[in-house]
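Trainee: Have a look at this one before I ask anything.
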Amino acid sequence: MQDQFDVDTLTREEAERRLVELAGILDRANKAYHQADAPEISDAEYDRLKRENAEIEARFPELKRRDSPSDQIGAAPAEGFQKIAHSVPMLSLGNAFDDTEVAEFDRSVRKYLGLSENEELDYTAEPKIDGLSLSLRYEAGRLVHAATRGDGSVGENVTANACTISDIPQTLTDAPDVLEVRGEVYMSHEDFAALNARQAADGGKTFANPRNAAAGSLRQLDPSVTAGRPLRFFAYAWGSVSQSLADTQIGAIGKLAALGFRTNPLTRLCTGPEDMLEHYRDIEARRATLGYDIDGVVYKVNDLSLQARLGFRSTTPRWAIAHKFPAELAWTRLEAIDIQVGRTGALSPVARLTPVTVGGVVVSNATLHNEDYIAGRDSNGQPIRDGKDIRVGDWVQVYRAGDVIPKVADVDLSKRPETAVPYAFPHICPECGSEAIREEGDAVRRCTGGLICPAQAVEKLKHFVSRAAFDIEGLGAKQVEQFFEDRWIREPADIFLLEERYGSGLQQLKNREGWGAKSAENLFSAIRQRRTIAFHRLLFGLGIRHLGEVAAKDLARAFGTWDGLADAADRAATEPAAIQGPSRETLAASPAWSEFLAIDGVGVTLTQSLVTALAQAHERESIDRLVALLTIEAPAARATGSPVAGKTVVFTGSLEKMTRAEAKARAEALGAKVAGSVSAKTDLVIAGPGAGSKAKKAEELGIEMIDEDSWLELIGDA
Ligand code: IVH
């Protein structure tokens with residue numbers, strides 16, 4: 001399947017926006033899955049979104065968000081259970097989706113360890129159980145507590161519930177003094193069907209799948225409910241141990257089995273990728289007859305001393321990977337193409353489909369991205385889907401890739417109706433009738449109506465209340481639409497006048513459909529709280545094109561206050577030629593423009609967009625009305641950390657105590673930036689034997705240079 005969001009062609013601004021979107025989608029998905037046990041998106045979609053996020057971050061490392069989904073596992077524990085801090089974090093696994101990615105995993109492990117292709121390197125392969133992970137702590141052979149994964153650092157104390165599971169021994173003989181056993185709680189297909197039948201007969205809640213049933217059953221505040229639910233447990237890993245279990249993964253699993261845990265019978269020792277893939281296919285072939293859900297195969301480096309050397313990335317081990325089974329797809333008929341108008345006027349085509357079930361969810365809409373995508377080419381004019389265009393009446397393949405809008409992956413030309421004609425993308429905004437134009441280099445056609453276009457106005461408001469902007473609880477997209485339609489909120493300032501205008505005795509608001517006295521009071525209080533707002537949130541919330549969250553922070557830090565920024569923009573706007581778009585050099589020569597262009601991460605496109613937006617009387621008056629109602633908080637200074645945090649370092653020559661990859665990972669974990677070449681921006685060069693031109697350059701530039709041992713001492717690894 002093709003990656004629908006073509007990460008390689010995203011601009012920096014698009015990437016930044018997409019990262020904001022992904023953080024929101026993934027956060028909601030995490031909460032739905034981990035806290036409510038009611039997933040909103042399929043695992044395959046979740047994986048794909050996480051991967052898209054990681055790919056964008058790999059291309060634009062500077063855009064990585066502090067709340068990046070890549071650094072998060074699950075969601076913080078729900079209220080109601082006691083919390084337990086994991087002594088060793090409970091991590092997640094990286095994913096591979098095809099054979100080449102498995103081979104790549106092997107290559108990267110070898111590279112990290114400095115092993116050649118011919119050297120022996122064994123892995124274990126075992127089913128990835130689709131349940132929820134649990135950590136069991138035994139002290140002196142007695143089960144002292146059981147904790148769910150939670151956010152990876154802190155989980156929920158479900159000891160009483162775990163004690164009702166017969167696969168979980170409460171005492172162990174011949175166990176290390178401290179032993180944390182980790183594994184998966186799950187429910188068999190048979191038990192799941194029986195439970196749902198019983199629940200239905202009693203008028204209780206039925207579960208969508210065995211995993212939700214297992215999660216819902218384990219996370220019961222009343223253990224007697226859990227006791228009545230048939231849960232099972234496979235052990236596959238461990239946390240703290242006072243004495244090592246074995247030298248190998250396979251040996252450790254054997255030891256857990258000997259201690260009385262159930263371990264998966266399909267766990268095998270494999271000699272390399274070919275062997276692993278053979279076992280993957282074997283497991284895949286047996287999948288339907290196992291009697292419980294699995295969603296892939298997990299490979300782990302067998303030698304535990306190598307596992308220790310490989311260590312971890314922020315949330316995943318380098319020594320293991322999950323090879324997932326393919327996502328679900330479905331074919332259906334494209335009935336119509338509708339056009340939606342977004343915040344910046346972008347016309348987005350949406351496919352209306354004959355409803356079809358994809359991965360257990362009924363799908364009737366899908367995104368078609370833009371006019372090029374429909375025509376069968378990417379943003380560089382290269383053919384996609386072998387150049388096949390998409391027409392109303394076509395038979396199309398869909399998959400779900402977001403919590404809202406699924407995607408169209410392919411079209412079957414053999415089923416194209418004879419009457420089908422190429423889709424003519426509109427040149428007029430369907431919402432306000434203004435001309436819709438496509439600027440050179442832009443994949444998107446945009447309505448030129450600005451705020452007179454109701455679709456743009458309402459989308460701007462939705463953006464304004466979104467998570468990374470004002471994040472007003474109780475005022476989501478749905479409420480904004482409702483208020484907009486009734487003309488209670490037409491621009492951001494109206495939100496802060498809502499209580500004054502319509503709150504009198506809460507009469508008006510609380511009488512509206514969907515609002516009671518309590519929810520109305522909550523909304524007003526949430527709005528009041530946001531009258532004080534961080535400067536960068538305000539900037540981001542304005543919804544100015546190209547002004548993403550990261551740029552908003554950069555601008556906020558550089559200008560410090562709204563007035564400072566607005567004055568600079570006003571000065572820049574008095575140079576009208578500038579807005580027409582001369583070169584960066586000419587603009588940088590202008591004192592007003594250079595105030596913006598000197599900021600790292602702020603370019604000509606963004607500055608033009610910002611200056612133009614603030615110079616438009618309509619828009620500016622609207623912003624001024626808003627700013628007058630707010631208290632804007634100045635940005636905080638950047639945080640510092642280890643002795644090398646924030647430093648740019650370069651490794652050169654050969655290292656003796658570790659591979660280059662290992663050294664780089666360690667440095668990055670400490671907050672350093674590892675560069676490939678020496679420049680004036682380099683703070684420190686670590687030179688080993690054989691260092692050549694880079695060491696010479698460092699000398700010329702007078703950059704501090706140290707050897708490997710001094711480096712290890714500096715970072716406290718000596
Ligand atoms: S090993 C440090 N092995 O998959 C990594 N995990 O996506 C420890 N899972 O949180 C995990 N079957 O809940 C491992 N055979 C298996 C697994 C498995 C299911 C789950 C586990 C983990 C998640 C990661």
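The values are calculated or read from the model by the stated rules, or taken from the named source; none is laboratory data. Computed from a predicted model, the values in this text were never measured in an experiment. Here Cβ is always computed from backbone atoms with ideal geometry, including for glycine, and neighbour counts include all displayed protein chains.
Trainee: Can you tell me which of Leu245, Leu269 is at pLDDT 95 or above, under 17 Å from Ala125 (Cα atoms) and outside any helix (DSSP H, G or I)?
Mentor: After applying the criteria, what remains is Leu269.
Trainee: Could you list all residues from segment 158-201 that are under 12 Å from Val144 (Cα atoms), within 16 Å of the ligand (Cβ to nearest atom) and either of a type in the set (Gly, Ala, Ser) or out of contact with any Phe, Trp or Tyr (no Cβ under 9 Å at 6 or more places or on another chain) (or both)?
Mentor: Ala162, the sole residue that qualifies.
Trainee: Note down all Cβ pairs under 8 Å where the first residue falls in segment 304-317 and is over 17 Å from Ser92 (Cα atoms), the second is within 9 Å of the ligand (Cβ to nearest atom), and they're at least six residues apart or on different chains.
Mentor: Partner pairs satisfying both residue conditions: Leu306/Trp319.
Trainee: Further, regarding this structure: Whether any residue in segment 259-269 is of a type in the set (Ser, Thr, Tyr) and within 16 Å of the ligand (Cβ to nearest atom) is what I want to check.
Mentor: yes
Trainee: Are any residues in segment 228-253 loosely packed, with under 15 Cβ neighbours inside 10 Å and under 29 Å from Phe192 (Cα atoms), and if so, which ones?
Mentor: Gly228
Trainee: Go over the candidates Glu431, Glu418, Glu439 one by one and state the one that is more than 27 Å from the chain's Cα centre (by Cα) and modelled with pLDDT under 90.
Mentor: Glu439
Trainee: Which pairs have Cβ atoms under 9 Å, sit 6 or more apart or on different chains, and link a residue in segment 82-99 that is more than 23 Å from Trp238 (Cβ to Cβ) to one that is away from the ligand (no atom under 12 Å from the Cβ) and among the basic types (Lys, Arg)?
Mentor: These pairs meet every condition: Phe97/Arg48; Phe97/Arg51.
Trainee: While we're looking at this one, here's another question. Consider Lys518 against the criteria (1) part of a helix (DSSP H, G or I); (2) surrounded by 20 or more Cβ atoms within 10 Å (Cβ to Cβ): it satisfies all of them except one. Which criterion is unmet?
Mentor: (2)
Trainee: Another question about this same structure. Report whether or not Glu117 is closer than 24 Å to Trp319 by Cβ, away from the ligand (no atom under 16 Å from the Cβ) and out of contact with any strand residue (DSSP E or B) (no Cβ under 7 Å at 6 or more places or on another chain).
Mentor: Spelling it out, Glu117 is indeed closer than 24 Å to Trp319 by Cβ, away from the ligand (no atom under 16 Å from the Cβ) and out of contact with any strand residue (DSSP E or B) (no Cβ under 7 Å at 6 or more places or on another chain).
Trainee: Restricting the search to segment 660-680, which residues are surrounded by fewer than 16 Cβ atoms within 10 Å (Cβ to Cβ) and either farther than 23 Å from Gly692 by Cα or among the acidic types (Asp, Glu) (or both)?
Mentor: Ala669, Gly671
Trainee: Oh, and also: Within segment 82-104, track down each residue that is more than 14 Å from the ligand (Cβ to nearest atom) and buried (at least 19 other Cβ atoms within 10 Å of the Cβ).
Mentor: Ile84, Val102
Trainee: Further, regarding this structure: Only one of Thr316, Thr289 is within 30 Å of the chain's Cα centre (by Cα) and among the hydroxyl-bearing types (Ser, Thr, Tyr); which?
Mentor: Every option except Thr316 fails the conditions.
Let's see how each residue does on (1) assigned to a strand (DSSP E or B); (2) within 16 Å of the ligand (Cβ to nearest atom); (3) at pLDDT below 95; (4) surrounded by fewer than 16 Cβ atoms within 10 Å (Cβ to Cβ):
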residue	(1), (2), (3), (4)
Asp295	yes, yes, yes, no
Tyr299	yes, yes, no, no
Leu306	no, yes, no, no
Ile321	yes, yes, no, no
Ile337	yes, no, no, no
Thr357	yes, no, yes, yes
His369	no, no, yes, no
Asp386	no, no, yes, yes
Ile390	no, no, no, no
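Trainee: For segment 131-210, list the strands (runs of 3 or more DSSP E) that sit wholly inside it and hold at least 2 residues that are small (Gly, Ala, Ser) and surrounded by fewer than 20 Cβ atoms within 10 Å (Cβ to Cβ); which are they?
Mentor: It comes to none.
Trainee: What's the number of the only condition in (1) more than 30 Å from Arg660 (Cα to Cα); (2) surrounded by 15 or more Cβ atoms within 10 Å (Cβ to Cβ); (3) within 16 Å of the ligand (Cβ to nearest atom) that Asp282 fails to meet?
Mentor: Going through (1) more than 30 Å from Arg660 (Cα to Cα); (2) surrounded by 15 or more Cβ atoms within 10 Å (Cβ to Cβ); (3) within 16 Å of the ligand (Cβ to nearest atom) one by one, Asp282 breaks only (2).
Trainee: Looking at segment 201-217, I want the residues that are closer than 9 Å to Met187 by Cβ and have a partner that is of a type in the set (Lys, Arg) with Cβ atoms under 7 Å, at least 6 apart or on another chain. Which pairs are those?
Mentor: Ser217/Arg229
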